[in-house]
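What follows is a set of notes on a single structure, which appears directly below.
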Amino acid sequence: MKNKKRYNNGTAYLMLSPVVIMLSIFVVIPLIYAIRISFYDWSFYQDPVFVGFRNFYLVLTDDRFYTSIGVGLKFVLLVVPVQLVLAFLFAHVVRAMGRKASSFVKTSIYIPTIISGIITAIIFQIIYNFDGGVLNAIIGSFGFEKVGWLVEKQIVLFGLAIPAIWLGFGITALIMLAGLLDIPESYYEAASLEGASAIQKMFHITIPLLKNVAVYLLVTGFVGAIQQLELPLFLTNGGPSDATLLPNFYIFEHFRNDLLMGHTIAAALLLFVVLGSISAIIFRVINSEKAIDE
Amino acid sequence: MKTMSASQRAAVSVIGFLFAIFALFPLLWMAISGFKAKTEVLQTPVRIFPEVWLFSNYGEILNDPAFTRAAFVTFVGALIFAAVGLWINSMAAYAFARLDFRFKGALWLYVITTMFIPGMAIMVTSFVVVTRLGMLDTMSVLIIPGMASAGSIFFIRQFYLNIPIAVEEAALIDGASRFKIYTTIFLPMSYPPFVIVGIGAFLGFWNAYIWPVMTITDESLFQISQYLAQFRSGRGSEFGLMLAGATLGALPTIGLFLVFQRYIIQGIKISGLK
């Protein structure tokens with residue numbers, strides 16, 4: 001080829017134009033517009049009135065906003081660690097299984113990932129039913145008392161965490177498995193020759209080498225769990241007494257009920273600044289720890 | 001590979017199958033309960049299988065014109081959404097992977113930044129935009145806004161970056177245009193990423209609830225999730241019927257997954273470890 005760089009401006013712009021135009025209209029313009037409206041009293045029915053930072057002030061002095069962040073964080077703590085530990089266990093189990101059996105198991109665990117929020121809600125509403133639900137029947141057969149999974153304030157977040165874990169487990173586990181299979185077998189063989197025990201191998205080979213995968217899963221798990229909307233919407237409607245008021249549900253509820261949209265939008269923007277910072281901090285903390293290790 | 005005793009192997013298999021049961025049990029419960037009479041679904045003591053298998057629940061849902069219409073409309077919408085999305089996103093992916101042009105870096109940054117804007121943050125103003133464009137209560141409001149996807153472009157571009165230059169050199173020397181190279185060489189090779197991105201798009205469309213419920217009030221355009229949500233709030237005490245409907249609503253996606261599962265499970269490796 002010639003030294004001069006060959007540009008394909010015309011073709012490139014033509015090929016990019018559908019995507020760039022559509023992203024501009026349906027993502028970038030709405031974002032800019034959202035930032036603007038967050039400074040206005042604005043509804044679908046009247047002219048906007050500039051109110052400065054008042055919408056942000058209203059959100060930041062709203063107790064329920066903080067409740068929703070707290071509920072969101074608690075929900076993440078219920079969902080993500082369980083998911084990661086189960087996935088870690090699962091990955092080891094599958095690696096040790098025969099080829100045929102493991103492909104059946106892999107397929108099975110992935111299926112819930114493709115089920116919609118409303119269908120999940122329908123299933124779990126029946127499974128959780130106080131008197132005739134199968135879950136209470138199962139725990140009853142072990143001698144435990146029946147539980148009001150979706151109505152007891154102390155329990156209800158567990159009640160939402162179970163379907164959330166069920167929905168997200170497949171992808172988490174398969175990514176974990178891929179990470180595990182990426183570790184060269186020779187590392188383990190070398191360690192065995194040196195006389196390392198199974199536990200030593202786990203702490204000195206498996207866990208350090210899975211760290212990147214785990215960070216990825218932790219951040220995506222955090223982002224996914226904290227943005228859950230359909231489970232509280234369909235299963236609990238945020239209740240009882242705000243025990244399942246997840247952040248996105250808080251925003252959606254304002255969208256449904258408020259006349260003035262500035263508050264809703266300010267809340268949405270603030271939440272994503274807050275949550276974005278938290279996931280950035282998780283990322284930083286874990287990454288810097290890794291830097292010390294090396 | 002490590003050697004394991006027969007009993008260890010058996011123990012491992014049992015744990016593996018427990019995971020499978022954890023995943024499949026709720027779905028099997030739904031499908032089987034769909035055969036039960038209304039009073040039997042929540043009957044105590046709990047029985048797994050129905051006393052009498054009632055096929056009428058499934059029959060009744062399939063005979064409900066609102067259900068078949070919702071299923072049909074959602075299916076067609078999802079197909080168009082996935083197919084046109086694949087086309088425009090892969091074209092952009094090709095340009096970013098293989099062409100040199102001015103402002104390439106800036107445009108890439110612009111496109112990829114949109115990946116990090118959460119839908120909830122722009123929900124209200126997206127609604128305003130589609131209202132102004134007169135798209136409410138048409139299929140276009142479901143299909144067009146989410147079709148361009150930075151995530152899909154990113155994924156397909158990774159695949160194109162790994163295709164050796166030699167593949168297109170001969171065509172370039174013959175004077176083929178870049179667009180022709182894209183359509184005749186790259187598109188036919190794109191099956192693996194297309195399966196993954198296409199099915200992801202199809203599922204996203206099929207399972208969507210919030211956006212359809214905001215933008216569609218015309219019952220003839222109701223999506224499958226809207227149908228099920230409406231059924232649940234209106235006739236939610238007809239448990240057997242509702243579960244039959246939910247089962248039928250999940251079947252197409254499960255079927256699609258089972259057909260392409262090999263590619264999807266492979267794709268997870270790529271997307272997880274980029």
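In segment B:143-156, the residues that are more than 9 Å from chain A (Cβ to nearest Cβ) form Cβ pairs under 8 Å with partners that are at pLDDT 95 or above and surrounded by fewer than 20 Cβ atoms within 10 Å (Cβ to Cβ), at six or more places apart or across chains, as follows: B:Ile143/B:Ile80; B:Ile143/B:Val84. Among the residues making up segment A:154-183, those that are within 13 Å of chain B (Cβ to nearest Cβ), free of Cβ contacts under 8 Å to residues at least 40 places away in the same chain and either assigned to a loop (DSSP other than H, G, I, E, B) or open to solvent by less than 50 Å² (accessible area, probe 1.4 Å) (or both) are A:Ala178, A:Asp182, A:Ile183. Looking at A:Phe144, A:Phe104, just one residue is facing another protein chain (nearest Cβ under 9 Å), touching a helix residue (DSSP H, G or I) at 6+ places or on another chain (Cβ under 9 Å) and open to solvent by 60 Å² or more (accessible area, probe 1.4 Å), and that residue is A:Phe104. Exactly one residue out of A:Arg99, A:Arg95, A:Arg36 is within 30 Å of B:Phe19 (Cα to Cα), within 32 Å of the chain's Cα centre (by Cα), within 14 Å of chain B (Cβ to nearest Cβ) and free of Cβ contacts under 8 Å to residues at least 24 places away in the same chain, and it is A:Arg99.
Among (1) facing chain A (nearest Cβ under 8 Å); (2) more than 13 Å from the chain's Cα centre (by Cα); (3) surrounded by 23 or more Cβ atoms within 10 Å (Cβ to Cβ), where does B:Asn207 come up short? Only one criterion in (1) facing chain A (nearest Cβ under 8 Å); (2) more than 13 Å from the chain's Cα centre (by Cα); (3) surrounded by 23 or more Cβ atoms within 10 Å (Cβ to Cβ) is unmet by B:Asn207, namely (2). Summed over segment B:7-20, the residues that are modelled with pLDDT of 90 or more and surrounded by fewer than 14 Cβ atoms within 10 Å (Cβ to Cβ) give a count of 2.
Within segment A:227-246, is even one residue open to solvent by 50 Å² or more (accessible area, probe 1.4 Å) and touching a Phe, Trp or Tyr at 6+ places or on another chain (Cβ under 9 Å)? Let's see the steps before the verdict.
Kept after step one, since they are open to solvent by 50 Å² or more (accessible area, probe 1.4 Å), are these residues of segment A:227-246: A:227, A:237, A:241.
This time we only want the ones that are touching a Phe, Trp or Tyr at 6+ places or on another chain (Cβ under 9 Å), so: A:237.
Yes - at least one qualifying residue is present in segment A:227-246.
Only a single item in (1) part of a helix (DSSP H, G or I); (2) modelled with pLDDT under 90 is not met by A:Lys106, and it is number (2). Can you confirm whether segment B:46-61 contains a residue that is surrounded by 14 or more Cβ atoms within 10 Å (Cβ to Cβ), without any contact (Cβ under 8 Å) to a residue 40 or more places away in the chain and either more than 10 Å from chain A (Cβ to nearest Cβ) or part of a helix (DSSP H, G or I) (or both)? Yes, segment B:46-61 has at least one match.
Go through A:Ile21, A:Ile29 for me and flag whichever is open to solvent by 50 Å² or more (accessible area, probe 1.4 Å) and within 7 Å of another protein chain (Cβ to nearest Cβ). Can you show your working first?
Working: A:Ile21 fails: within 7 Å of another protein chain (Cβ to nearest Cβ).
Of A:Ile21, A:Ile29, the one residue that is open to solvent by 50 Å² or more (accessible area, probe 1.4 Å) and within 7 Å of another protein chain (Cβ to nearest Cβ) is A:Ile29.
Within segment B:21-44, the set of residues being open to solvent by 20 Å² or more (accessible area, probe 1.4 Å), assigned to a helix (DSSP H, G or I) and in contact (Cβ under 8 Å) with a residue 60 or more places away in the chain comprises B:Ala31 only.
Looking across segment A:50-83, the residues that are under 26 Å from A:Leu210 (Cβ atoms) and crowded, with 20+ Cβ neighbours inside 10 Å come down to A:Phe75, A:Val76, A:Val79, A:Val80, A:Gln83.
Given the criteria among the hydroxyl-bearing types (Ser, Thr, Tyr) and open to solvent by 30 Å² or more (accessible area, probe 1.4 Å), does A:Thr11 qualify? Taking the combined requirement at face value, the residue satisfies it.
Of all residues in segment B:80-102, exactly one satisfies the criterion of being out of contact with any helix residue (DSSP H, G or I) (no Cβ under 7 Å at 6 or more places or on another chain) and facing chain A (nearest Cβ under 7 Å), namely B:Asp100. Residues of segment B:131-142 include none that is open to solvent by less than 20 Å² (accessible area, probe 1.4 Å), in contact with a helix residue (DSSP H, G or I) (Cβ under 9 Å, 6 or more places away or on another chain), at the interface with another protein chain (Cβ under 9 Å from one of its Cβ atoms) and closer than 24 Å to A:Glu230 by Cβ.
Which one is nearest to the other protein chains (Cβ to nearest Cβ), of the residues in segment B:106-122 that are at pLDDT 90 or above and over 15 Å from B:Ile153 (Cβ atoms)? Per the criteria, the residue is B:Ile122. The residue that is modelled with the lowest pLDDT, counting only those in segment B:155-192 that are of a type in the set (D, E, K, R) and open to solvent by less than 80 Å² (accessible area, probe 1.4 Å), is B:Glu168. Just one of the listed residues (A:Phe203, A:Phe169) is aromatic (Phe, Trp, Tyr), out of contact with any Lys or Arg (no Cβ under 8 Å at 6 or more places or on another chain) and under 25 Å from A:Val71 (Cβ atoms), namely A:Phe169. Whenever a residue of segment B:219-247 is over 21 Å from B:Val73 (Cα atoms) and open to solvent by 20 Å² or more (accessible area, probe 1.4 Å), its partners that are outside any helix (DSSP H, G or I) and β-branched (Val, Ile, Thr), lying with C-beta atoms within less than 7 angstrom and at least six residues away or across chains, give the pairs B:Phe239/B:Val41.
Does B:Phe67 satisfy the criteria of being closer than 30 Å to B:Phe202 by Cβ, in a helix (DSSP H, G or I) and either at pLDDT 90 or above or in contact with a His (Cβ under 6 Å, 6 or more places away or on another chain) (or both)? Judged against the criteria, B:Phe67 is a match.
The values are calculated or read from the model by the stated rules, or taken from the named source; none is laboratory data. On a predicted model such as this, the values are computed, not experimentally measured, just so you know. Cβ sites come from the backbone with ideal geometry, for glycine too, and all protein chains shown count toward neighbours. Calculation scope for accessible area: heavy atoms of the full protein, side chains included, ligands and nucleic acids excluded. Shrake-Rupley method; radii C 1.70, N 1.55, O 1.52, S 1.80 Å.
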